[in-house]
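Only one structure is covered here, and it is reproduced in the block below.
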Amino acid sequence: MYRHVQGTGSYDARILLVGEAPGREEDRLGYPFAGQSGYKLNSWWFENGLTREMFRIENVYEYRPNEQNDITKVPLEVLEEWSRYLHERITKFRNLWLIVPVGNVALRSLMRTPLDGHDVSITKYRGSIMRYVANDGREIKMIPTIHPASIFHQKAK
């Protein structure tokens, strides 16, 4: 059985990073982006004068999907429910200025498009300045980016 890995960081943070789901290290340690991807994010942030403490970090799905860490194996109706829950959580973050979805599932969830759709791709939208509309009507800037783990598999990214 996998651990419930809740978001971390201040509820007053100005920046929210939204990942897809915890991996092996996140499941083991109990917080998001704790493994290689977390180290890569920390290095990117450091290079730009940012620190992890400046972010709120959440995942769409708060459990490790399976041994292969394959989010596509989670039943669609389960992901849709977690997506709705993510929108509820975001409403509680009153000071958000920017949301950064990391990966396809996070982007699709935040765009409120079907999570099984193929018309929304992180590769197509990464770096775009978009807007997210929270459940309470607030508009928040959103800039999608690739998942740091993707660079371990595809160096060109």
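The values are calculated or read from the model by the stated rules, or taken from the named source; none is laboratory data. Here the structure is a predicted model, which is why all the values come from computation and not from measurement. Because the Cβ atoms are built from the backbone with ideal geometry, glycine has one as well, and the counts that use them run over all protein chains shown. Protein only, heavy atoms only, side chains kept; ligands, DNA and RNA dropped before computing areas. Shrake-Rupley method; radii C 1.70, N 1.55, O 1.52, S 1.80 Å.
Structure summary
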{"item": "Per-peptide average of other Cβ atoms within 10 Å, ordering 127-137, 85-95 highest first", "result": "85-95, 127-137"}
{"item": "Ordering of 64-71, 13-20, 144-151, 35-42 by packing [mean C-beta count within 10 Å, highest first]", "result": "13-20, 144-151, 35-42, 64-71"}
{"item": "Three-way shape call for region 1-52 based on the alpha-carbon gyration tensor, with the a/c threshold at 1.5", "result": "oblate"}
{"item": "Residue of GLU81, GLU62, GLU26 that the Gaussian network model of the chain assigns the largest fluctuation, springs spanning Cα pairs under 10 Å", "result": "GLU81"}
{"item": "Using θ = phi - 60° and Karplus 6.51 cos²θ - 1.76 cosθ + 1.60, couplings along region 102-114 (whole Hz; Gly, Pro as x)", "result": "10, x, 4, 5, 5, 5, 4, 4, 5, 7, 6, 9, x"}
{"item": "Where N is the number of residues in the chain, Cα Rg divided by 2.2 N^0.38 Å", "result": "0.96"}
{"item": "Relative packing of 98-106, 46-54, 3-11, which averages over residues the other C-beta atoms within 10 Å, highest first", "result": "98-106, 3-11, 46-54"}
{"item": "Label-point gap, in nm, between ASN135 and TYR39 - each point 7 angstrom along Cα→Cβ", "result": "3.7"}
{"item": "For region 29-85, accessible area per residue (1.4 Å probe, heavy atoms of protein chains only), Å²", "result": "56"}
{"item": "Dimensionless Rg ratio for region 55-136, taking C-alpha atoms and the 2.2 N^0.38 Å reference", "result": "1.08"}
{"item": "Calculated from backbone phi, Karplus (6.51, -1.76, 1.60) coupling profile of region 2-19 in Hz, x at Gly/Pro", "result": "8, 6, 7, 10, 7, x, 10, x, 6, 5, 9, 4, 8, 10, 10, 9, 10, x"}
{"item": "Full-extension gain in nm, GLN68 to GLN6, via 0.36 nm per residue minus C-alpha separation", "result": "20.3 nm"}
{"item": "The chain - percent of accessible surface contributed by carbon and sulfur, probe 1.4 Å", "result": "51"}
{"item": "Antiparallel DSSP beta bridges within the chain, percent to nearest 5", "result": "30"}
{"item": "Cα-Cα separations in region 43-87 greater than 16 Å, expressed as whole percent", "result": "53"}
{"item": "Theoretical FRET efficiency, 1/(1+(r/R0)^6), r = Cβ-Cβ of LEU29 and GLU81, R0 30 Å, to 0.05", "result": "0.75"}
